[in-house]
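All of the numbers you see were taken from the coordinates with simple rules; none came from a lab. Note that the structure is predicted; figures quoted are calculated from it, not measured. Heads up, the Cβs are rebuilt from the backbone with ideal geometry, glycines too, and the neighbour counts pull from every protein chain shown.
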Amino acid sequence: MFRRRRLTCQQVVELVTEYLDEVMEPQRRARFEAHLDGCDGCTAYLAQFRTTVAVVGHLDVGDVPAPVMSELLSAFRNWTDDRDGA
Ligand SMILES: [Zn+2]
């Protein structure tokens, strides 16, 4: 269940398809966008995911193999680290 807290990056990644399908509840959507506001990593991830969907036509998070997913997750963790150093 979702609590009244900021979403984690992991949750944002899991919700990306729902967000892009525009089936997300307004409240949850607002929290999703609030996270994007403060997180360059997830903003970049969303942009990348959008591009992928545009190219492939359709993509579910369930279609992304776990190793690829963890690679993506660690990739944007690094981006966040870079941002801290900037
Ligand atoms: Zn994030």
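Rank the residues Glu71, Glu22 as a footprinting-exposure proxy: fewest other Cβ atoms within 10 Å of their Cβ go first.
With the fewest neighbours first, Glu71, Glu22 line up as Glu22, Glu71.
Between Asp21 and Arg6, what is 0.36 nm times their sequence separation minus the Cα-Cα distance? Round to one decimal in nm.
On the way: separation 15, 0.36 × 15 = 5.40 nm, distance 2.13 nm.
Working it through step by step, the gained length comes to 3.3 nm.
Please rank Val56, Val12, fewest neighbouring Cβ atoms within 10 Å first, as an exposure proxy.
Starting with the residue having the fewest Cβ neighbours, the order is Val56, Val12.
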